[in-house]
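Data first, discussion second: the structure below is written as structure tokens.
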Amino acid sequence: MLSGSRTALLRMAVLALLWGSGFLWIKVALNGGLSPLHITVIRCALGTAVLLALAFAARQRLPRDLATWGHLIVAAFFCNALPFFLFGIGEQTVDSSVAGVLNATTPLWSLLIGLALGTERGLRPPRLAGLLLGFAGTLLIFAPWQRSGLSSWGALVLLGAAASYAVAFAYMARHLTGRDTAPLALSGAQLLAATGLTTLALPTAPAVSGGPTLSAVTAVVILGVLGTGVTFHLNYRLLDDEGPTTTATVGYLLPVVSVTLGALFLGEELSARVLAGMVVVLIGVGMTRGRERGPAERVQTA
């Protein structure tokens, strides 16, 4: 059996792979005729089905108190409905690889929020340096001095999605993790709330002329089942075990996945500078993991 620390690292790696590939699937779905809102609703619904099926198999019950559902609705908006939709909007004009890089700013947003809320007290210099180094690696990958994409509206929308994730991590850590409700049921309930929120907006979605292509349907199914259902459960477990800022550092690994997949399948850039940036990102993530934790922060075993 893996130790708690190794289990958390394994979850981070799998989460980064599945989450990072999501930018590719979004781009494929958009190119195949689906709108950002359609993609958002379908991935939420499929993710909900996966998580509720797993929760049912594990004999886990959905929360029943109104207070928990109130928190779930807020978390569903900031962690699912809003960022999912914003990534669809942003990738209409921005490469999938760049979307993954901009999403890597989530740990910095998370750190700023944590400092503002007082949940990140006594942040040690090595961990802070790791966060900054990770962001420097994303800049090296993106090289904004060579492109105009960072100043475009699409890039700004993607930055908004990254900030939304950070808000969600902080909110979920304060109001949802550590409750009596089992993680599968809790994450399934949150995606169920997100499905309801996004479905309410469906009447505003543009009509799909000619219907989506087979590749678009395949992409959104993979995005919903693996990139949303499985990923969201892993995210909840990691958040419960490690806390919001460590969970957000998974965002630093996403450029490695998104840039590689974008280069392989969409013909997007993969240069020596990009590879060097990936190495810097990984070093930064390692530095953020290399910290001493007090009794209240000990990693739970799976």
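Quick notes
- With respect to being more than 12 Å from the chain's Cα centre (by Cα), outside any helix (DSSP H, G or I) and surrounded by 22 or more Cβ atoms within 10 Å (Cβ to Cβ), V98 falls outside the description.
- Qualifying residue in the stretch 52-68 (condition: touching a residue at least 60 places away in the same chain (Cβ under 8 Å), acidic (D, E) and outside any helix (DSSP H, G or I)): no
- For the residues V208, V167, the requirement of being assigned to a loop (DSSP other than H, G, I, E, B), surrounded by fewer than 24 Cβ atoms within 10 Å (Cβ to Cβ), of a type in the set (A, V, I, L, M, F, W, C) and in contact (Cβ under 8 Å) with a residue 40 or more places away in the chain singles out V208.
- Conditions (1) more than 28 Å from L282 (Cβ to Cβ); (2) at pLDDT below 95; (3) within 19 Å of the chain's Cα centre (by Cα): number failed by L54: (3)
- If you go through the stretch 204-249 and keep only what is of a type in the set (S, T, Y) and out of contact with any Phe, Trp or Tyr (no Cβ under 7 Å at 6 or more places or on another chain), you end up with T204, S209, T213, S215, T218, T228, Y236, T245, T246, T249.
- Exclusive hit being within 20 Å of F169 (Cβ to Cβ), open to solvent by 10 Å² or more (accessible area, probe 1.4 Å), touching a helix residue (DSSP H, G or I) at 6+ places or on another chain (Cβ under 9 Å) and of a type in the set (A, V, I, L, M, F, W, C), set F78, F87: F78
- Within the stretch 155-164, restricting attention to residues that are at pLDDT below 90 and surrounded by fewer than 20 Cβ atoms within 10 Å (Cβ to Cβ), the residue that is farthest from A53 (Cα to Cα) is L156.
- Which numbered condition L226 misses (of (1) open to solvent by 50 Å² or more (accessible area, probe 1.4 Å); (2) modelled with pLDDT of 90 or more; (3) within 21 Å of L102 (Cβ to Cβ)): (3)
The values are calculated or read from the model by the stated rules, or taken from the named source; none is laboratory data. In this text, all values refer to a predicted model and were calculated from it rather than measured experimentally. Please note: Cβ atoms are built from the backbone with ideal geometry, for glycine as well, and neighbour counts cover all protein chains shown. Accessible surface areas use protein heavy atoms only, side chains included; no ligands, DNA or RNA. Shrake-Rupley method; radii C 1.70, N 1.55, O 1.52, S 1.80 Å.
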